[in-house]
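The values are calculated or read from the model by the stated rules, or taken from the named source; none is laboratory data. Predicted model, so just to flag it, every value in this text is computed and none were measured. Neighbour counts are summed over all protein chains in view; Cβ atoms, including those assigned to glycine, are modelled from backbone coordinates with ideal geometry. With ligands, DNA and RNA removed, areas are computed over all heavy atoms of the protein, side chains included. Shrake-Rupley method; radii C 1.70, N 1.55, O 1.52, S 1.80 Å.
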Amino acid sequence: MESTIERPPRTMMEVYELLPEGTLAELIDNQIYMSPAPIFNHQKTVQSIFKALDKLVEENGKGTVIIAPYDVKLDKNQNSVQPDVVVILKSNRNQINEKGRFEGVPDLLVEVLSPGNKEYDLIKKKDLYAKFGVKEYWVVDPETKLAIGFEWKENGYVKISEEIGKIYSRLLKEDFNF
C-alpha cells in the first residue's frame, strides 16, 4: 500500500509518527533513539514477566498488559516510548485513543535490560518516567534475574525492592516469580 505525505513533518513527534509500524524507536525529550531487535534472553524474560502479569492483571479483571513494541505517548509533542511491558489498569483504559495508542501515564512499566542499554533504562528512562509520574517502574536484568522496583512519590522515585527472580508490586498488591 502506497502512502503519501501531504506536507513535511514540522515536529520530531511528527517525524516519529511517520516511522514504519514495528520500528524499535522512542522519542525522549524531542530526540529519537533507535535500537536493534532484542536478543533471546531479553525476550524470554519479557515473555516470562508478561505471562505472570497477565495472570495477575488480565485474568483478575484489573486491567490490560501489553508488550513491546507498543507506543506510550507520555505527552503530545516530545515523548513517546516503547516499554517492554506496560500495565494499564481499568481506571486508565480511557487513555487508549481511537487509533489504539496509549496517550498519558501508564500505571506500571517494566524494562528488561539489553547489553547496550543499561544506562538508558536505569537513568534516562527512569528519570523520564519519574518526570511524568509513572506509579511503578521495574528494571530487570535478564542475565542475573535481578529486579529493581521503584515507586513514584511526591518528589520522585523511591526504591521499593531489589530481588532475584521476583517482583512484588505494591500497586497491584501481588508478587510473582519469573
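Determine the gain in length on full extension of the stretch residue 130-residue 177; use 0.36 nm per residue of separation and subtract their C-alpha separation, reporting nm with one decimal. Numbers along the way, then the final one.
Working: separation 47, 0.36 × 47 = 16.92 nm, distance 2.51 nm.
Additional length available on full extension: 14.4 nm.
Taking square-rooted eigenvalues a ≥ b ≥ c of the alpha carbon gyration tensor, is segment 39-159 rounded, prolate or oblate, where a/c under 1.5 means rounded and, failing that, a/b exceeding b/c means prolate? Before the final figure, lay out the partial values.
Values: a/c = 1.45, a/b = 1.15, b/c = 1.26.
Verdict is rounded for segment 39-159.
How long is the gain from residue 40 to residue 95 if the chain were fully straight, where each residue apart is worth 0.36 nm and the alpha carbon distance is subtracted? Write down the numbers at each step before the final one.
Values: separation 55, 0.36 × 55 = 19.80 nm, distance 3.16 nm.
Net length gain for the segment: 16.6 nm.
For the chain, what does the helix formula give at 222 nm: sum of -39500 (n - 2.57) over DSSP H segments with n ≥ 4, over the residue count, nearest 500 deg cm²/dmol?
Computed mean residue ellipticity for the chain: -5000 deg cm²/dmol.
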- prompt: How do 91, 169 rank by accessible surface area computed with a 1.4 Å probe, from largest to smallest?
  reply: 91, 169
- prompt: GNM on the chain, C-alpha springs below 10 Å: top fluctuator among 60, 92, 30?
  reply: 60
message: Suppose each label sits 7 Å from its Cα in the direction of the beta carbon; what would the residue 155-residue 75 distance come out to in nanometres?
response: 2.3
query: Helix 40-57: angle to the longest alpha-carbon principal axis of the chain, degrees 0 to 90, nearest 10?
result: 70
task: Run the dipole for segment 28-148 about the Cα centre, Lys and Arg Cβ at +1, Asp and Glu Cβ at -1, nothing else charged, and hand back the magnitude in debye, nearest 20.
output: 180
- prompt: How much length is gained if the chain between residue 5 and residue 144 is pulled fully straight, taking 0.36 nm per residue apart and subtracting their Cα-Cα distance, in nm to one decimal?
  reply: 45.5 nm
query: How much of residue 23 can a 1.4 Å solvent probe reach, expressed as accessible area in Å² and rounded to 10?
result: 30
